[in-house]
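Below: one structure, written as structure tokens.
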Amino acid sequence: DLVGRRLSRPVAELIGEPSCNRVPVYVTRLTRDTTADEEVRVVERLLAETGARAVKLKIGGRMQNRPQDVERTNRLVPLARRVLGDDVEIFVDANGSYTEREAIRVGRMLEDHRVGFFEEPCPWEEHDVTARVADVLNVPVAGGEQDSSLPVWRWMIARPGFDLCQPEVNY
């Protein structure tokens, strides 16, 4: 930074050629307290306000999957795709809501609605279960947000079942 300031140049220029000039972002909300209809209306407004072209929706019940969670998820994803259209990328985060069997069932529905990734379908510490789910689905599976162990990260990165590894730098 000091060299960049003395030369009146951004630090990025000193490192090398930029790999991109834009960083795609998505909007997300950290709630499951809305109905599917309410959530899609709010997300639609946020996309319009921010100009973002992607959204991450919360599905399941956050480390549980009650009947009302199933109902909301089964309405939310198709409704979001219908209302937001094909120009908006939809991602989902289950926060470990599903068993292996439930995750595969939900994952098939996500594939039908062209969801971009399925984050943390199974409890976060059950890496082998999540990897098995990823092995049978076509939707990319994401995980790792809760992990802070380098050996676990090495395993996830080496294993083809985890399509997106998402470190949480605060952990």
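Take residue 30 and tell me if it is over 23 Å from the mean Cα position of the chain (by Cα) and among the aliphatic types (A, V, I, L, M). Steps first, please.
On the way: over 23 Å from the mean Cα position of the chain (by Cα): no; among the aliphatic types (A, V, I, L, M): yes.
Answer is no for this residue.
Any chance you could count how many residues in the range 6-62 are in contact with a Ser or Thr (Cβ under 7 Å, 6 or more places away or on another chain) and part of a loop (DSSP other than H, G, I, E, B)?
The qualifying residues number 4.
Condition first: touching a helix residue (DSSP H, G or I) at 6+ places or on another chain (Cβ under 6 Å), open to solvent by less than 20 Å² (accessible area, probe 1.4 Å) and in a helix (DSSP H, G or I). Now tell me which residues in the range 75-117 satisfy that.
76, 79, 80, 103
Checking residue 163 against (1) modelled with pLDDT under 90; (2) open to solvent by 20 Å² or more (accessible area, probe 1.4 Å); (3) farther than 22 Å from residue 90 by Cα, which single condition isn't satisfied?
(3)
So that you can scan it fast, the table gives a plain yes or no per residue for (1) modelled with pLDDT of 90 or more; (2) not hydrophobic (A, V, I, L, M, F, W, C):
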site: 73; (1), (2): yes, yes
site: 81; (1), (2): yes, yes
site: 86; (1), (2): yes, yes
site: 92; (1), (2): yes, no
site: 103; (1), (2): yes, no
site: 125; (1), (2): no, yes
site: 136; (1), (2): yes, no
site: 140; (1), (2): yes, yes
site: 148; (1), (2): no, yes
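Scan the range 13-57 residue by residue and report those that are among the small types (Gly, Ala, Ser) and surrounded by fewer than 11 Cβ atoms within 10 Å (Cβ to Cβ).
16, 19, 48, 51
Looking only at the range 118-157, filter to residues that are among the hydroxyl-bearing types (Ser, Thr, Tyr) and within 19 Å of residue 95 (Cβ to Cβ); which one of those is most open to solvent (accessible area, probe 1.4 Å)?
148
Determine if the range 1-22 includes at least one residue that is touching a residue at least 24 places away in the same chain (Cβ under 8 Å) and out of contact with any Gly (no Cβ under 9 Å at 6 or more places or on another chain).
no
The values are calculated or read from the model by the stated rules, or taken from the named source; none is laboratory data. All values derive from a computational prediction rather than experimental measurement. Glycine also receives a Cβ, built like all others from the backbone with ideal geometry; neighbour counts cover every protein chain displayed. These accessible areas exclude ligands, DNA and RNA; they are computed on the full protein's heavy atoms, side chains included. Shrake-Rupley method; radii C 1.70, N 1.55, O 1.52, S 1.80 Å.
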